[in-house]
1. When you look at ASN278, is it farther than 30 Å from GLU344 by Cα, surrounded by fewer than 19 Cβ atoms within 10 Å (Cβ to Cβ) and polar (S, T, N, Q), yes or no?
2. Consider only pairs whose beta carbons are under 8 Å apart and that are at least six residues apart or on different chains; among these, list those whose first residue lies in the range 155-178 and is free of Cβ contacts under 8 Å to residues at least 40 places away in the same chain and part of a helix (DSSP H, G or I) and whose second residue is of a type outside the set (Ser, Thr, Tyr) and surrounded by fewer than 16 Cβ atoms within 10 Å (Cβ to Cβ).
3. Just to verify a result, which residue in the range 125-155, among those that are charged (D, E, K, R) and surrounded by 12 or more Cβ atoms within 10 Å (Cβ to Cβ), is nearest to the chain's Cα centre (by Cα)?
4. When you check SER224 against the structure, is it at pLDDT 95 or above, among the polar types (S, T, N, Q), out of contact with any Ser or Thr (no Cβ under 8 Å at 6 or more places or on another chain) and outside the structural domain of PHE181 (by TED's automatic domain parsing), yes or no?
5. Do the conditions hold for ALA304, that is, is it surrounded by 19 or more Cβ atoms within 10 Å (Cβ to Cβ), part of a helix (DSSP H, G or I) and among the small types (Gly, Ala, Ser)?
6. So the check is Cβ under 6 Å with 6+ separation or different chains; which pairs have a first residue in the range 107-136 that's polar (S, T, N, Q) and a second one that's surrounded by fewer than 15 Cβ atoms within 10 Å (Cβ to Cβ)?
7. Just to be sure before I move on: is ILE95 of a type in the set (A, V, I, L, M) and within 41 Å of the chain's Cα centre (by Cα) in the structure I sent?
8. Is one or more of the residues making up the range 263-272 free of Cβ contacts under 8 Å to residues at least 60 places away in the same chain and not acidic (Asp, Glu)?
Amino acid sequence: MSMEFIEALQEIAKEKGISQDVLLEAIEAALISSYKRNFNTAQNVRVEINRHNGVIKVYARKTVVEDVLDSRLEISLESAREVNPHYHLDDIAEIEVTPRDFGRIAAQTAKQVVTQRIREAERGLIYNAFIDKEEDIVTGLVQRQDTRNLYVDLGKVEAVLPLTELMPTDKFKHLDRVKAFITKVENTTKGPQIILSRTHPGLLKRLFELEVPEIYDGVVEIRSVAREAGFRSKIAVYSRNSEVDPVGSCVGPKGIRVQTIVNELKGEKIDIVRWSDNIEEYVANALSPSKVLEVIVFEQEKMARVIVPDYQLSLAIGIKGQNARLAAKLTGWKIDIKSETQAEQEFGRPKTSQEVMHQDSVSFD
């Protein structure tokens, strides 16, 4: 080792953001193992690297005793005081045992340790950068695919997008650009592992936050999201400012904002409904685009019975129950949908002639 080595270490530490002392301590620890392995010794040793000139010294650490039984671990009081007259019985004496050709071994070991620590530091920096992006959107390039995953290049790291987290409409090829939601960031022995999703409801929420300034600014708030990825989604929005229409803000001029999101989600239908703390109104809105005549709430069961015009029953339920299922997810309430005729037959309710309840919502394909 030399002064040039110390200067190089300082430069590496500065460039990679690693403490020089941490690097030197790691090298010293590694040199202890190298010394014992190369010189076939079991004695206790300490390695010291001079922080100013890079000179390396190896010291054998031996207990000061009256009668030496194991010369590798023990030293007599007389011999110890030849090194340092201040040693006493039971002290740990340090005797320099630096081998003549130890510099070559030290150089190889130092290179390995520094390389490893740089790799660990870079992994740490990547992990710290992406842990802050957990539950956020990233964009990357598809690199390869196996039977279970797509692997997406995010620049400094390769993320994993499980095929189970792709939408049915997703078709990606090599080097295609993909936008996905980070569901998990883990620090593993092989480095940071980033798990992505295209089906998570958080992807829809983040896309609206990116496209709608009123949401980004906090004027409009997304209160709930229900999603069947690739087919249909519902979001409930609320405005903190009575002069700002939350549904209109999300739709955008001529529907441009929501259409951008629909395009990103490969044609997924999106219903945007107004959130309300009045559960009757909220449930009615959530069943958009169906019209609702009446909502009867059963608080204890957290269930709402909804009566719709006969001709609206199939629309309220949706294909394979999708509209009703998403409305239930969105509101967190069980929803029982009945047509006017069914309500009359089952509950003895006369057909209502009241006006159809106003629907403050909008649906886009």
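1. no
2. Note: pairs meeting the criteria are LEU163/GLN145; LEU163/ARG148.
3. GLU134
4. Numbers: at pLDDT 95 or above: yes; among the polar types (S, T, N, Q): yes; out of contact with any Ser or Thr (no Cβ under 8 Å at 6 or more places or on another chain): no; outside the structural domain of PHE181 (by TED's automatic domain parsing): yes.
Answer is no for this residue.
5. no
6. none
7. So ILE95 fails the test.
8. Applying the first criterion (free of Cβ contacts under 8 Å to residues at least 60 places away in the same chain) to the range 263-272 yields 263.
When the remaining residues are screened for being not acidic (Asp, Glu), the result is 263.
Scanning the range 263-272 turns up at least one residue that is free of Cβ contacts under 8 Å to residues at least 60 places away in the same chain and not acidic (Asp, Glu).
The values are calculated or read from the model by the stated rules, or taken from the named source; none is laboratory data. Everything numeric in this text was worked out from a predicted model, so none of it was measured. Because the Cβ atoms are built from the backbone with ideal geometry, glycine has one as well, and the counts that use them run over all protein chains shown.
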